[in-house]
1. How far is residue B:77 from itself in the other copies, in nm, if each label sits 7 Å out from Cα along the Cα-Cβ line, shortest first?
2. List, shortest first and in nm to one decimal, how far the label point of residue A:168 (7 Å from Cα along Cα→Cβ) is from its counterparts in the other copies.
3. Is the shape of region D:61-217 rounded, prolate or oblate, going by the alpha carbon gyration tensor and its root eigenvalues a ≥ b ≥ c, with a/c under 1.5 for rounded and a/b larger than b/c for prolate?
4. For peptide D:208-215, what's the mean number of Cβ atoms from other chains within 10 Å of each residue's Cβ?
5. What's the extension gain from residue C:12 to residue C:175 if we count 0.36 nm per residue and subtract their Cα-Cα distance?
6. Take peptides B:124-134, A:106-116, C:127-137 and line them up by average Cβ neighbours within 10 Å, highest first, as a rough protection proxy.
7. Taking amide H positions as placed 1.01 Å from N in the peptide plane, with prolines and chain starts having none, which residues 5 or more places from residue D:84, or on another chain, fall under 5 Å of its amide H?
8. Which one of A:101, A:72, A:121 has its Cα pushed farthest toward the positive end of the charge dipole of chain A, where Lys and Arg give +1 and Asp and Glu give -1 at the Cβ?
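Taken together, the values in this text are just the output of simple stated rules run on the coordinates, not laboratory data. As the structure is a computational prediction, the values presented were derived from the model and not from experiment. Using ideal geometry, Cβ is built from the backbone for each residue, glycine included, and neighbour counts are taken over all protein chains shown.
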4 protein chains.
Amino acid sequence: MIVVMELAARAEQIGAVQQKLVQAGYVMQAVKGARGLIIGAAGKGGIDHQALAAMPGVDRVVPVRQPYKLVSRDLGGETSLVKVKDLVIGGRDLTVIAGPCAVESWEQLLDTAQQVSRAGAVVLRGGAFKPRSSPYSFQGLEVKGLELLAAVGALTGLLTITEVVDEASLELALTYVDLVQIGSRNMQNFRLLQAVGRSGKPVLLKRGFAATVEEWLLAAEYIVASGNENVVLCERGIRTFEIATRNTLDLSAVALVKKRSHLPVMVDPSHATGDRDLVGPMARAAVAAGADGLIVEVHPDPGRALCDGAQSLTPEAFVALMQELQPVAAAVGRAVGGGGAL
Amino acid sequence: MIVVMELAARAEQIGAVQQKLVQAGYVMQAVKGARGLIIGAAGKGGIDHQALAAMPGVDRVVPVRQPYKLVSRDLGGETSLVKVKDLVIGGRDLTVIAGPCAVESWEQLLDTAQQVSRAGAVVLRGGAFKPRSSPYSFQGLEVKGLELLAAVGALTGLLTITEVVDEASLELALTYVDLVQIGSRNMQNFRLLQAVGRSGKPVLLKRGFAATVEEWLLAAEYIVASGNENVVLCERGIRTFEIATRNTLDLSAVALVKKRSHLPVMVDPSHATGDRDLVGPMARAAVAAGADGLIVEVHPDPGRALCDGAQSLTPEAFVALMQELQPVAAAVGRAVGGGGAL
Amino acid sequence: MIVVMELAARAEQIGAVQQKLVQAGYVMQAVKGARGLIIGAAGKGGIDHQALAAMPGVDRVVPVRQPYKLVSRDLGGETSLVKVKDLVIGGRDLTVIAGPCAVESWEQLLDTAQQVSRAGAVVLRGGAFKPRSSPYSFQGLEVKGLELLAAVGALTGLLTITEVVDEASLELALTYVDLVQIGSRNMQNFRLLQAVGRSGKPVLLKRGFAATVEEWLLAAEYIVASGNENVVLCERGIRTFEIATRNTLDLSAVALVKKRSHLPVMVDPSHATGDRDLVGPMARAAVAAGADGLIVEVHPDPGRALCDGAQSLTPEAFVALMQELQPVAAAVGRAVGGGGAL
Amino acid sequence: MIVVMELAARAEQIGAVQQKLVQAGYVMQAVKGARGLIIGAAGKGGIDHQALAAMPGVDRVVPVRQPYKLVSRDLGGETSLVKVKDLVIGGRDLTVIAGPCAVESWEQLLDTAQQVSRAGAVVLRGGAFKPRSSPYSFQGLEVKGLELLAAVGALTGLLTITEVVDEASLELALTYVDLVQIGSRNMQNFRLLQAVGRSGKPVLLKRGFAATVEEWLLAAEYIVASGNENVVLCERGIRTFEIATRNTLDLSAVALVKKRSHLPVMVDPSHATGDRDLVGPMARAAVAAGADGLIVEVHPDPGRALCDGAQSLTPEAFVALMQELQPVAAAVGRAVGGGGAL
């Protein structure tokens, strides 16, 4: 269940509610939102909801059968808006994040940034810490990559996002970028989730490539329960028996997340397909399915990219994609090409 | 490789080409199309393509590295058009097939047919032979179901489609319906593929729920090589670890099929998701991804459906879906709501 | 539930029970076994088991929560014994089936048969009708293959098994071989299951490569409910994300089937792994897990096999395997190397 | 490729080899083993192996086509022996690790430890830091759990193992336990792999539940390349479409790892199946397949376990399992029940 406390609830009122829940065998996680404290509670039931709702300081009690509570849509209302400076994710305007898989150099990043910015992207992506399957693969420029990202962001007016892989890289990223990303392989790195939760930084939480939607929402619950409501989900393809595409993009998960959770959800058609010819159709499909945004790999010279060249769009192809997306976005009551206010 | 013979090629010229291929160790499958005989040939290579192209009666030789030949897009050109009476599948107009999972009664079928027809569906679906996992489940009305389907089709002007499960049911279906369907469980029932191939009847070939795109196209190759070019593919979800949806709709497979094959491809969002709330978003996404049509389950009273009620739309919801689809179709240069000529 | 009728139950007594079940909304399937008629019934419940058990001619009523009934172990007792001439499958002695993927020639088959027979195999396998993904692949010798199989079986004293792919091939196989096999791709070809059921012929039912254990047992239920109790299951690997092996051998399914069903279960380590180096370890593991037998591909010259050479053992390697298996079989209270009486 | 340096190779000789490799575009990882430095090198090839082998200080050069180098079996020889105090993992004697999923209390742990020790287990497992899908689930006793584990280990003479989930928990664990475990969800937490690598502590590396064998061996390569050769692999089931078991135990991966890598490999039949009835058959199968050991969950009162009760054996069932395993181990030339010297 979720217990929504009144904004004016006093500490001892909150304490009384929590004591009541503990006595009934519930485990709690809470987040202090703009509209007051929200307590998620999981247990074997048996508590009297009406009595609980009648306690001083309690606004209302919402039953939630799902194992996740704070991120569930049972609380009602619209998709939550995640604000990053002037950007609002989850509103009418779709958010498009673009950039190279890895930050490689000043020229590569600036060139890409200027072109994706002109085409309507509002956030620049670029990996500085790359989790690679092999220790022999390029591992990222690390701090140097963060510096380039921050500088290019400042120069172009783009917001910036980068993946963090542990607490040390998170600590660094906090000072350089506007959003952090938790990658697919770390979706159940619960310590990292909690650290990102404590940081309060807006975060893009990618779905683990073998995670169920339920596990994904529980991972988001870890972040929110650690104090950070600024969570944006991102579907990026799951691992199946099909090897003709790098992963299998699960767009029904996007629709399902919209039904089950109030968090905004984006789609990464680049990692999902691993094939630039499929990025356009899947980006269009994602928007039609109701996604709140896209994250797309763009590289000025994909053939020489240090990682994931096969799935990277050229800047020209990205411009064309953005134009294709506009009528599709309009068809579902959304807009693309600016990330402005609601 | 594919050897395209001239329309005027004489039998002995065809024979000479085939002999040459056999001598070089190739295995052949051929289909006689409107523009002449097309020979698909698979082997370990070594034959001189130029010499082959120079043989009398040969129009051209097209190298095809994929294991499927006749269905491959390497032959170039647009998506093939499959004609069913006045209906054209694969052109600008999207084809929408709708109807109940199973034919249950005259009233159920007629009611559904009239409503989906008014909303813009052009083909009526209804199962008469139901392949069910359990022998204790409803197995379909069989011939009685076919009779109802034919009668309701005639009355409403809708074309009709039903699933066939063996040669006997195919034999029956040929006289009652306009298209036959090969279901997911029979996608590699090669004897049935060949029988449908010999029949020449337009066929909707559903992807096996655990079939790769390559295996799916090879299944289509079996049909075409048996003499039937009227093949329409249909993605209906694959089996993965995710159980929150009935299957995982693989829309990247639609884009991939468009890249690799000239056959039209449709999408079944009902079986894919198993959840009527997700049918709309996935139908929109399918259209945006480039699908040539949709097959949607509609039942006048889903709560009492003899099969798959949870995923069936009410007629009212279907009307709303068709209206939602129009701007999405327009956004990708297509139209929906009529299945007319190109 | 399962209703076990007394051996001496009269037709009208059986009729009365069936009428009672129908009135209560149950769907029935029945098989006439050596110990009397057994009725499987599926429904929403509500019938009084005690009243049912008290009806004349009823021996006992066994509740079965699983969707399969006749094949469930809830009836109690040991693993069923399937008898094929002098061979008993499911008893203390493990049954080893060996032979080439496809029957290719008299010499190939006879050579293989003599060697596997000396090593302790009791059934000779050999495909005459090959379900191949591609129409360009070798499709089997068909009737000629059956003739060779029957002749070599007669000459060597080995029993014979071959795969059937439709009713026509089944019809032919019935007169030539001792067991028929339903392959992975046809596990849910329900018409074929029913035809094999009507034939009464001992059958090896391979698990579909993407079938759950429940679906597999329901497929067996189709056969038994059609009148054929002589069903032997065979695990042959499932399709997963792992591509280092051809399939993923699911040995826990063997243990699970033993827990849930009374049918004997064998294992095919050759198709499961696709790698002859892994056949030995997986054959040993299968025996240790409780399998009732093995089906192993053996070819006198694997490098020249018309199909599946990479996974075929040489006759010498098969001899070594049989020797390795003996102590493992003994360790779990079984014997290998003869297929004799219980 | 792998370059094996002579034990007596001098620093400048090593430097010259590394320089040569860098100039040729190779990326290197090296580990200092008992028999000298071993350099793994990955690149696009082109270097002259003979010239390299002729350089001063080089013992030999071994080509390795796999992406992992240092853990590959191409170096030849037997399975590596991992020594933990008096225990040798990878030799003739199988290593059995047993204990509860989570450390819950002194009584629970001591009771379990005494009983599994008497039955032949040599390492006590017990989770102190539990990575749980839900933030509402029991997360482990943390330091208190480590203290209990160390104390019970000292009292019973059992070695101890616990899972680490980040660098902080690793730091703590190093002082309390004899082996650390990297769990399935952290198999690609590369920072943690490197930290464990630097620690030199013997480590049990569980396979990610959706990791290919190749990715698993690359994860091991990260640890070895960070300086720690004491890596033991552990198969614990993969995620597939089958939900009748918790995971699908992939025993062919055990045989494949034995073929491809020199590292010892163990099996966890408890997490793999999630069903105590299947633990015995799968443990026997694992031993027959060639596993070097087992890790089994045992709880004195599975019905009250704070996690994973359904898959935990009672101490009595564990005693029976150990007895069953002995003849199976003997059948494949191994022994069980003591973890003594080679």
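1. Between copies, matching label points for residue B:77 lie 5.8, 6.3, 6.3 nm apart.
2. Reported distances to equivalent positions: 1.6, 6.9, 7.1 nm.
3. Details: a/c = 2.16, a/b = 1.40, b/c = 1.54.
Note, shape of region D:61-217 comes out oblate.
4. Values: counts 4, 5, 11, 7, 7, 4, 5, 4.
That works out to 6 on average.
5. Full-extension gain reported as 55.0 nm.
6. Ranking the peptides B:124-134, A:106-116, C:127-137 by packing returns B:124-134, C:127-137, A:106-116.
7. Those lying under 5 Å, H to H, from residue D:84 are D:89.
8. Toward the positive end, the furthest listed residue is A:72.
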